[in-house]
Amino acid sequence: MLDVGRHPNIELLAYSEVEKVEGQAGNFNVTVRRKARYVEEDRCTGCGACAEKCPTVVPDAFNEGLGERRAIYAYFAQGIPSTHTIDADHCRQLNGKKCGICAKTCQAEAINFEQKDRFLELNVGAIIIAAGYDVFDPSPIPEYRYQEIANVVTAIEFERLLSASGPTGGHMDRPSDRAVEAEITVLEKKAKKSQKTLDKFEEKFGEPSAEFYEKFQAGQYKDDEDRQKWADKYTSHLADTEPLEVLKNKAEGFSVAKRLAFIQCVGSRDFRFYPFCSGYCCMHSIKEAMIAHEHEPETTSSIFGMDIRAVGKGFEEYKIRGGNNSNITYVRGRVAEITEGPNNNPIITYEDTRERKVKSQEFDMVVLATACAPIKGIAELAKTVGVELDKYNFVKTSSLSPVDTTTPGIFVCGCAESPMDVPESVAQASSAAERAAEIAFQPGNEKEKAVA
Amino acid sequence: MSKDVLVIGGGIAGMQSSLDLADMGINVHLVEKLPSIGGKMAQLDKTFPTNDCAI
């Protein structure tokens, strides 16, 4: 990433979209919309002082909504460019409220609420589409109850939980436990605030709130307005602290997830959604189970699938290594249903096809190996750029020219073409780069010849 | 005839294409929709089959 940001021959246009493409191979006129960040890219040093002070909290898309960010933010810590961005949908100032704290904090004077989208005209010889993919949203699958059971997560969400730079610092804290902890924090804050007011009353009248309250309930101080306020405050304080104690007791029993289940082919190889195999999910689940075991050696994982597709250099060995060293059990069979048991534990009901038996098993957390879905907006992009898509909405290619789109001079690589893993994406990217270079270095253009 | 190349998408594929072209001496314009490049791979903690760090 850093190399891309630094390379003198690469003009990095982040937070931008292609608006219009005209022309043909060797001579495309492209209009790029540079979306307003409300932060001057050449001034922002990426120090993050603005984000520290910003009062608006928003779920963090980079952490799949498991963490929080501010309305002014860096997409992720090591992001290139490091320029911060104001989220216009959530920023108070941009929504007509009084704020502007970031502008006051920024020493580089980079905040510019007046910034507008800018348009850039480019003339290029070739175009490479590397638009990527979307993680399939498993909500429409009724039997997995992704929306209902907190401890059923997608593989990319689990990836963020595993990451040392993620919302849990690499601990496999279960989403249901994190929700309880968040509630505790809120209640503690409230209780602390009401305790302060109670302290003032106690000082004023010289007796503890509990003793006073007993007397108050017994009918003393009936016409005393001040004491009425005290009593009201005390009841609301109790309403906060009582559930707080219950939650705190509950939280004492929390530990990281140690019994993991991975469900393969969620949305892929499923005729209700995508009939194709997404290719990388088997290996992805094995990797996540291995890393989870590295973090917490007591972790056991069961991977439920029709088969494990470990096709690639070193992949089969990796799968065996996972089984031998990382407590991974490979279970052949498709999961019929996930239900929620005690302690928010998901229970999986499945058919073990080797034993021909229907079984149920309880886990701490279930990870759904979701399909590689065509990226949202690819239909519009394909129309703008002028290429055809296949029946699933991946960019159309043929097997003998896997990086050539239906339009000469426009190439495709990575998951925009079809589901693939990182090594394949890199290989196809180099291939697409070479095809584009053929156009750039075409004979007949003296300037290019000299460079070549 | 233009010698420049436009790359749409700043994930692992877009970054690799851009670097390859740039190393050949070709000017690349890399367009990314999100505020930072990196794509899905930047969200990954480690990559298989070597368990190398993704970033």
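With +1 on the Cβ of every Lys and Arg and -1 on the Cβ of every Asp and Glu, and nothing else charged, how large is the dipole of region A:64-180 about its Cα centre, in debye rounded to the nearest 20?
In total the dipole reaches around 580 debye.
How large is the Kirkwood hydrodynamic radius of the protein assembly as shown, counting all unique pairs of alpha carbons, in Å?
So the Kirkwood estimate lands at 25.9 Å.
Using the Kirkwood formula on the Cα atoms of region A:66-225, what hydrodynamic radius do you get, in angstrom to one decimal?
22.3 Å
When the distances between all Cα atoms of chain B are binned every 5 Å from zero, what whole-number percent does each bin get?
5, 20, 23, 19, 15, 11, 5, 2, 1
Given the Cα-Cα distance of A:Val358 and A:Lys116 and 0.36 nm per residue of separation, how much length would full extension add, in nm?
On the way: separation 242, 0.36 × 242 = 87.12 nm, distance 6.00 nm.
In short, 81.1 nm is gained.
Quick one: what do you get for region A:375-451 if you divide its Cα Rg by 2.2 N^0.38 Å?
1.21
Which value, in Å to one decimal place, does the Kirkwood hydrodynamic radius take for region A:210-310 when every pair of different Cα atoms is included?
Result for region A:210-310, one decimal place: 19.0 Å.
Which residue, chosen from A:Gly206, A:Ala218, A:Ala191, occupies the Cα position most advanced towards the positive end of the dipole of region A:177-252, where the dipole is computed from +1 (Lys, Arg) and -1 (Asp, Glu) charges on Cβ about the Cα centre?
A:Ala191
At each listed q (0.15 Å⁻¹), what is the log10 of I(q)/I(0) that the Debye formula gives for region A:36-116 modelled as equal alpha-carbon point scatterers?
-0.46
Could you tell me the center-to-center distance, by alpha carbons, between region A:64-124 and region A:125-168 in angstrom?
Using only Cα atoms, the two centres lie 25 Å from each other.
Starting from region A:136-183, pick out the GluC sites (Glu not before Pro) whose DSSP state is loop and whose Cβ has at most 13 other Cβ atoms within 10 Å.
Working: sites: A:Glu143, A:Glu148, A:Glu157, A:Glu159, A:Glu181, A:Glu183; in loops: A:Glu148.
For GluC sites (Glu not before Pro) across region A:136-183 that sit outside H, G, I, E and B with at most 13 neighbouring Cβ atoms in 10 Å, the list reads A:Glu148.
How many angstrom lie between the C-alpha centres of region A:24-39 and region A:170-227?
The two parts, judged by their Cα centres, are 57 Å apart.
Give, rounded to the nearest 20 debye, the magnitude of the charge dipole that region A:134-191 has about its Cα centre when Lys and Arg contribute +1 at Cβ and Asp and Glu contribute -1 at Cβ.
Dipole size: approximately 220 debye.
Pull out the extension gain between A:Glu388 and A:Gln228, defined as 0.36 nm times the separation in residues minus the alpha carbon to alpha carbon distance; nm, one decimal.
Here the answer is 50.2 nm.
Calculate the dipole size of the protein assembly as shown relative to its Cα centre from +1 charges on Lys and Arg beta carbons and -1 charges on Asp and Glu beta carbons; express the result in debye to the nearest 20.
The calculated dipole for the protein assembly as shown is roughly 420 debye.
Within region A:89-161, list the trypsin sites (Lys or Arg not before Pro) lying in a DSSP loop whose Cβ has at most 14 other Cβ atoms in a 10 Å radius.
Listed in order of number, the matching sites are A:Lys97, A:Lys98, A:Lys116.
Using the alpha-carbon atoms, what tilt in degrees (0 to 90, nearest 10) does helix A:315-325 show relative to the longest principal axis of chain A?
30 degrees
As a test of the definition: which semi-axes, in Å, follow for region A:1-141 when you take the square root of five times each eigenvalue of its alpha carbon gyration tensor? Largest first, please.
Each semi-axis is √(5λ); the values are 29, 21, 16 Å.
What does the charge count around A:Phe212 come to, taking other residues whose C-beta lies under 15 Å from its C-beta (Lys +1, Arg +1, Asp -1, Glu -1)?
-3
Can you find, among A:Thr407, B:Phe48, A:Gly166, the residue sitting farthest towards the positive end of the charge dipole of the protein assembly as shown, where Lys and Arg contribute +1 and Asp and Glu -1 at Cβ?
Checking the options against the dipole of the protein assembly as shown, the answer is A:Thr407.
Hey, which of these cross-link pairs are over 28 Å Cα-Cα: A:Lys396/B:Lys3; A:Lys104/B:Lys40; A:Lys35/A:Lys376; A:Lys116/A:Lys396; A:Lys97/A:Lys189?
A:Lys104/B:Lys40; A:Lys116/A:Lys396
Using only the Cα atoms, work out Rg/Rh for region A:177-252, with Rh taken as the Kirkwood radius, to two decimals. Please report the intermediate quantities before stating the final value.
Working: Rg = 14.4 Å, Rh = 13.4 Å.
Result: Rg/Rh = 1.08.
Across all directions of projection, what mean area in square nanometres is found for the Cα convex hull of region A:308-442?
Answer in nm², one decimal: 12.3.
Considering the dipole of chain A built from charges on the beta carbon (Lys and Arg +1, Asp and Glu -1) around the Cα centre, which of A:Gly23, A:Ser430, A:Val246 is farthest to its positive end?
Most positive-ward Cα: A:Gly23.
Rounded to the nearest 5, what % of the DSSP beta bridges within the protein assembly as shown are antiparallel ones? Don't skip to the answer; put the middle values down first.
Working: 41 of 76 bridges.
Here the share of antiparallel DSSP bridges comes out near 55 percent.
Just to verify a number: FRET efficiency for B:Thr50 and A:Glu68, C-beta to C-beta distance, R0 = 41 Å, to 0.05?
The pair B:Thr50/A:Glu68 has a calculated efficiency of 0.80.
Computed from the coordinates by the stated procedures, all read-outs in this text should not be read as laboratory data. The model shown is predicted, which means the values in this text are computed figures rather than measured ones. Glycine gets a Cβ as well: all are built from the backbone with ideal geometry, and neighbour counts include every protein chain shown.
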